[in-house]
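K.L.:
Submitted below is the structure of interest, expressed as C-alpha coordinates.
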Amino acid sequence: LGATMTAGGYVLPEFLAAYSELHPRCNLSLYIANTDEIADRLKKHQLDLALVEGPFDRNYFFAEPWVQDELVAAGQPGFAAAEFSLAEAIAAGRRLILREPGSGTRYCFDRFLAERGLPAPDIRAVQEVNGFEALKQLVKLGFGFTVISELAIREELAAGTLAAARFTEGRLLRTMHFIYMPHENLKFAERFIAFCRRRLPSDDRVDRRQLRS
(Lines give C-alpha, C1' and ligand atoms only; values in the text may rest on other atoms or scores of the structure.)
Protein backbone atom coordinates (compact mmCIF):
# COMPACT_ATOMS: atom_id res chain seq x y z
CA LEU A 1 0.00 0.00 0.00
CA GLY A 2 1.09 3.55 -0.68
CA ALA A 3 -0.28 6.74 0.82
CA THR A 4 0.36 10.43 0.87
CA MET A 5 1.34 12.14 4.12
CA THR A 6 -2.11 12.97 5.49
CA ALA A 7 -3.73 9.76 4.30
CA GLY A 8 -0.88 7.54 5.42
CA GLY A 9 -0.23 9.23 8.74
CA TYR A 10 -3.73 9.96 9.98
CA VAL A 11 -6.35 7.99 8.03
CA LEU A 12 -5.14 4.65 6.66
CA PRO A 13 -3.31 2.97 9.60
CA GLU A 14 -6.41 1.96 11.56
CA PHE A 15 -7.97 0.43 8.43
CA LEU A 16 -4.74 -1.38 7.56
CA ALA A 17 -4.52 -2.83 11.07
CA ALA A 18 -8.16 -3.97 11.05
CA TYR A 19 -7.78 -5.55 7.61
CA SER A 20 -4.63 -7.38 8.71
CA GLU A 21 -6.44 -8.83 11.72
CA LEU A 22 -9.15 -10.26 9.47
CA HIS A 23 -6.66 -11.49 6.86
CA PRO A 24 -3.58 -12.64 8.84
CA ARG A 25 -2.05 -14.35 5.79
CA CYS A 26 -2.02 -11.05 3.89
CA ASN A 27 1.26 -9.26 4.63
CA LEU A 28 0.65 -5.53 4.13
CA SER A 29 3.36 -2.88 3.95
CA LEU A 30 2.73 0.87 3.95
CA TYR A 31 4.90 3.34 2.07
CA ILE A 32 4.31 7.07 2.71
CA ALA A 33 5.48 9.89 0.44
CA ASN A 34 4.09 12.91 -1.40
CA THR A 35 1.61 12.52 -4.25
CA ASP A 36 4.17 12.74 -7.05
CA GLU A 37 6.34 9.97 -5.61
CA ILE A 38 3.38 7.71 -4.86
CA ALA A 39 2.13 8.08 -8.45
CA ASP A 40 5.63 7.30 -9.75
CA ARG A 41 5.88 4.14 -7.63
CA LEU A 42 2.49 2.95 -8.88
CA LYS A 43 3.65 3.43 -12.47
CA LYS A 44 6.79 1.43 -11.71
CA HIS A 45 4.64 -1.43 -10.29
CA GLN A 46 6.14 -1.00 -6.82
CA LEU A 47 2.72 -0.57 -5.17
CA ASP A 48 -0.58 -2.40 -5.58
CA LEU A 49 -2.85 0.36 -4.29
CA ALA A 50 -2.52 3.89 -2.90
CA LEU A 51 -4.60 6.48 -1.06
CA VAL A 52 -3.84 10.04 -2.15
CA GLU A 53 -5.21 13.52 -1.51
CA GLY A 54 -3.37 15.29 -4.31
CA PRO A 55 -3.93 15.44 -8.09
CA PHE A 56 -3.28 12.39 -10.23
CA ASP A 57 -3.57 11.41 -13.90
CA ARG A 58 -7.15 10.20 -14.26
CA ASN A 59 -6.38 8.75 -17.68
CA TYR A 60 -3.63 6.56 -16.21
CA PHE A 61 -5.05 5.21 -12.95
CA PHE A 62 -8.26 3.56 -11.83
CA ALA A 63 -9.65 5.80 -9.08
CA GLU A 64 -12.23 5.42 -6.31
CA PRO A 65 -13.24 8.44 -4.18
CA TRP A 66 -13.41 7.51 -0.52
CA VAL A 67 -13.48 10.28 2.08
CA GLN A 68 -13.61 14.07 2.18
CA ASP A 69 -10.96 16.06 4.03
CA GLU A 70 -10.86 19.72 5.06
CA LEU A 71 -7.78 21.92 5.29
CA VAL A 72 -7.75 24.62 7.97
CA ALA A 73 -5.42 27.36 9.11
CA ALA A 74 -3.55 26.33 12.26
CA GLY A 75 -1.31 28.17 14.68
CA GLN A 76 -0.60 28.87 18.31
CA PRO A 77 -3.76 29.44 20.38
CA GLY A 78 -4.90 32.99 19.69
CA PHE A 79 -2.99 33.28 16.40
CA ALA A 80 -6.14 34.50 14.60
CA ALA A 81 -9.90 34.86 14.88
CA ALA A 82 -12.00 31.77 14.24
CA GLU A 83 -12.44 33.13 10.72
CA PHE A 84 -10.01 35.56 9.11
CA SER A 85 -8.99 36.87 5.71
CA LEU A 86 -6.16 34.99 4.02
CA ALA A 87 -5.71 37.89 1.58
CA GLU A 88 -5.14 40.30 4.46
CA ALA A 89 -2.71 37.90 6.15
CA ILE A 90 -0.70 37.60 2.92
CA ALA A 91 -0.74 41.38 2.38
CA ALA A 92 0.52 41.88 5.94
CA GLY A 93 3.43 39.53 5.27
CA ARG A 94 2.46 37.01 7.94
CA ARG A 95 4.73 33.98 7.84
CA LEU A 96 3.29 30.80 6.34
CA ILE A 97 4.72 27.35 7.09
CA LEU A 98 3.76 25.22 4.08
CA ARG A 99 4.30 21.73 2.71
CA GLU A 100 6.58 21.41 -0.30
CA PRO A 101 5.43 21.59 -3.95
CA GLY A 102 4.39 18.11 -5.09
CA SER A 103 2.42 17.41 -1.92
CA GLY A 104 -1.36 17.16 -1.98
CA THR A 105 -1.71 19.74 0.79
CA ARG A 106 0.37 22.30 -1.09
CA TYR A 107 -1.51 21.64 -4.32
CA CYS A 108 -4.84 22.27 -2.58
CA PHE A 109 -3.58 25.51 -1.04
CA ASP A 110 -2.12 26.81 -4.32
CA ARG A 111 -5.32 25.91 -6.18
CA PHE A 112 -7.37 27.75 -3.53
CA LEU A 113 -5.30 30.90 -4.09
CA ALA A 114 -5.79 30.66 -7.86
CA GLU A 115 -9.52 29.94 -7.70
CA ARG A 116 -10.15 32.86 -5.33
CA GLY A 117 -7.89 35.25 -7.25
CA LEU A 118 -5.65 35.70 -4.21
CA PRO A 119 -2.01 36.80 -4.51
CA ALA A 120 0.73 34.29 -3.82
CA PRO A 121 2.55 35.01 -0.55
CA ASP A 122 5.96 36.66 -0.80
CA ILE A 123 8.62 33.97 -0.97
CA ARG A 124 10.38 35.60 1.99
CA ALA A 125 7.28 34.96 4.10
CA VAL A 126 7.08 31.24 3.25
CA GLN A 127 8.90 28.42 5.02
CA GLU A 128 8.62 25.05 3.25
CA VAL A 129 8.76 21.81 5.24
CA ASN A 130 8.44 18.33 3.72
CA GLY A 131 6.98 16.61 6.77
CA PHE A 132 4.17 17.23 9.22
CA GLU A 133 5.97 16.77 12.53
CA ALA A 134 8.59 19.46 11.91
CA LEU A 135 5.90 21.69 10.43
CA LYS A 136 3.71 21.34 13.51
CA GLN A 137 6.65 22.02 15.85
CA LEU A 138 7.47 25.27 14.02
CA VAL A 139 3.85 26.37 14.27
CA LYS A 140 3.68 25.48 17.97
CA LEU A 141 6.75 27.67 18.53
CA GLY A 142 4.91 30.62 16.99
CA PHE A 143 7.12 30.81 13.90
CA GLY A 144 4.05 31.31 11.72
CA PHE A 145 0.77 29.66 10.81
CA THR A 146 0.09 26.80 8.42
CA VAL A 147 -2.63 25.32 6.24
CA ILE A 148 -3.10 21.66 7.11
CA SER A 149 -5.64 18.85 7.20
CA GLU A 150 -7.76 19.00 10.32
CA LEU A 151 -7.17 15.23 10.58
CA ALA A 152 -3.44 15.85 11.09
CA ILE A 153 -3.90 18.08 14.14
CA ARG A 154 -6.73 16.37 16.01
CA GLU A 155 -4.52 15.54 18.99
CA GLU A 156 -3.04 19.05 19.16
CA LEU A 157 -6.49 20.64 18.98
CA ALA A 158 -7.75 18.39 21.77
CA ALA A 159 -4.69 19.19 23.90
CA GLY A 160 -4.96 22.92 23.23
CA THR A 161 -1.43 23.21 21.83
CA LEU A 162 -2.74 24.36 18.45
CA ALA A 163 -5.83 26.27 17.35
CA ALA A 164 -7.65 26.07 14.03
CA ALA A 165 -9.40 28.72 11.97
CA ARG A 166 -11.08 29.06 8.57
CA PHE A 167 -10.71 31.72 5.91
CA THR A 168 -13.37 34.27 5.05
CA GLU A 169 -12.61 33.52 1.40
CA GLY A 170 -14.11 30.02 1.74
CA ARG A 171 -13.43 26.46 2.89
CA LEU A 172 -10.66 24.21 1.56
CA LEU A 173 -12.22 20.82 0.87
CA ARG A 174 -10.72 17.90 -1.01
CA THR A 175 -11.47 14.24 -1.63
CA MET A 176 -9.09 11.40 -0.90
CA HIS A 177 -8.97 8.76 -3.66
CA PHE A 178 -7.79 5.20 -3.84
CA ILE A 179 -5.80 4.85 -7.05
CA TYR A 180 -4.30 1.78 -8.71
CA MET A 181 -3.06 0.49 -12.04
CA PRO A 182 -5.35 -1.43 -14.42
CA HIS A 183 -3.05 -4.47 -14.55
CA GLU A 184 -1.98 -4.75 -10.90
CA ASN A 185 -3.56 -6.91 -8.16
CA LEU A 186 -7.14 -5.90 -8.88
CA LYS A 187 -8.65 -8.52 -6.60
CA PHE A 188 -6.76 -7.17 -3.58
CA ALA A 189 -7.43 -3.52 -4.51
CA GLU A 190 -11.17 -4.07 -4.86
CA ARG A 191 -11.35 -6.13 -1.66
CA PHE A 192 -9.41 -3.59 0.41
CA ILE A 193 -11.41 -0.61 -0.92
CA ALA A 194 -14.69 -2.40 -0.18
CA PHE A 195 -13.46 -3.18 3.35
CA CYS A 196 -12.57 0.48 3.97
CA ARG A 197 -15.94 1.65 2.68
CA ARG A 198 -17.78 -0.70 5.04
CA ARG A 199 -15.80 0.44 8.08
CA LEU A 200 -16.10 4.17 7.40
CA PRO A 201 -19.01 5.88 9.22
CA SER A 202 -21.77 6.64 6.72
CA ASP A 203 -21.60 10.39 7.41
CA ASP A 204 -17.96 10.50 6.26
CA ARG A 205 -18.38 8.59 3.01
CA VAL A 206 -18.09 10.32 -0.34
CA ASP A 207 -21.06 9.81 -2.64
CA ARG A 208 -19.55 8.72 -5.96
CA ARG A 209 -22.69 9.73 -7.84
CA GLN A 210 -22.37 13.32 -6.61
CA LEU A 211 -18.72 13.47 -7.71
CA ARG A 212 -19.66 12.38 -11.22
CA SER A 213 -22.42 14.98 -11.54
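K.L.:
Which far-off residues, 5 or more places away or on another chain, put their amide H under 5 Å from the one on residue 50, with H placed in the peptide plane?
P.N.:
Sorted by chain and number, the residues that satisfy this are 2, 179.
K.L.:
Of the listed peptides 19-29, 134-144, what is their order by residue-averaged count of other C-beta atoms within 10 Å, with the highest listed first?
P.N.:
134-144, 19-29
K.L.:
Still on this structure: What's log10 of I(q)/I(0) for region 37-80 at q = 0.28, 0.29, 0.31 Å⁻¹, Debye sum over Cα points only, no solvent?
P.N.:
One equal scatterer on each Cα of region 37-80 leads to -1.13, -1.18, -1.27.
K.L.:
Using alpha carbons only, how many degrees (0 to 90, rounded to 10) separate the axis of helix 186-199 from the longest principal axis of the chain?
P.N.:
60 degrees
K.L.:
Between residue 102 and residues 5 or more places away or on another chain, which pairs have amide H atoms under 5 Å apart, with H built 1.01 Å from N, and which residues are they?
P.N.:
Those lying under 5 Å, H to H, from residue 102 are 107.
K.L.:
Which value results when the Cα radius of gyration for region 1-105 is divided by 2.2 N^0.38 Å?
P.N.:
1.35
K.L.:
When ligands, DNA and RNA are left out and all protein chains stay put, how many square angstrom of accessible area per residue does the chain have with a 1.4 Å probe?
P.N.:
Heavy-atom accessible area per residue stands at 52 Å².
K.L.:
For residue 54, what charge total do you get from the other residues with a beta carbon under 13 Å from its beta carbon, if Lys and Arg give +1 and Asp and Glu give -1?
P.N.:
Around residue 54, the charge tally is -3.
K.L.:
Quick one: check the C-alpha center-to-center distance for region 148-197 versus region 3-59, whole angstrom.
P.N.:
The two parts, judged by their Cα centres, are 12 Å apart.
K.L.:
Got a number for carbon plus sulfur as a percent of the chain's accessible area, 1.4 Å probe?
P.N.:
Within the chain, the accessible surface is 47 percent carbon and sulfur.
K.L.:
Would you mind calculating the gained length between residue 197 and residue 58 on full extension (0.36 nm times residue separation, minus the Cα-Cα distance), in nm to one decimal?
P.N.:
Between residue 197 and residue 58, full extension yields an extra 47.9 nm.
K.L.:
Out of (i) 19.2; (ii) 19.7; (iii) 18.2, which label holds the value of Kirkwood radius over Cα pairs in Å that was computed here?
P.N.:
Structure-derived value, by its label: (iii).
K.L.:
Sequence-distant or interchain residues sharing an amide H contact under 5 Å with residue 162, placed H: which?
P.N.:
Excluding prolines and chain starts, which carry no amide H, the hits are 157.
K.L.:
How much length is gained if the chain between residue 88 and residue 140 is pulled fully straight, taking 0.36 nm per residue apart and subtracting their Cα-Cα distance, in nm to one decimal?
P.N.:
16.5 nm
K.L.:
So which lysines can residue 44 reach, going by Cα to Cα under 30 Å and dropping same-chain residues fewer than 8 places off?
P.N.:
Cross-link targets: 187.
K.L.:
Hey, if you put +1 on the Cβ of every Lys and Arg and -1 on every Asp and Glu Cβ in region 69-213, which of 177, 108, 160 ends up farthest toward the positive end of that dipole?
P.N.:
177
K.L.:
Nearest 10 degrees, 0 to 90: what angle lies between the long axis of helix 12-22 and the longest principal axis of the chain (Cα atoms)?
P.N.:
Here the helix axis deviates by roughly 20 degrees.
K.L.:
Could you rank the peptides 157-166, 42-51 by their average count of other C-beta atoms within 10 Å per residue, with the highest value first?
P.N.:
Descending mean neighbour count gives 42-51, 157-166.
K.L.:
Could you run the Karplus curve 6.51 cos²θ - 1.76 cosθ + 1.60 with θ = phi - 60° over region 162-173 and give me ³J(HN,Hα) per residue in whole Hz, x for Gly and Pro?
P.N.:
9, 10, 10, 8, 10, 9, 5, 6, x, 9, 9, 10
The values are calculated or read from the model by the stated rules, or taken from the named source; none is laboratory data. Note that the structure is a prediction, hence the values are computed from the model and not measured. Every residue, glycine as well, gets a Cβ built from its backbone with ideal geometry; the counts of neighbours run over all protein chains shown. Just so you know, the surface numbers come from the protein's heavy atoms only, side chains and all, with ligands and any DNA or RNA stripped out. Shrake-Rupley method; radii C 1.70, N 1.55, O 1.52, S 1.80 Å.
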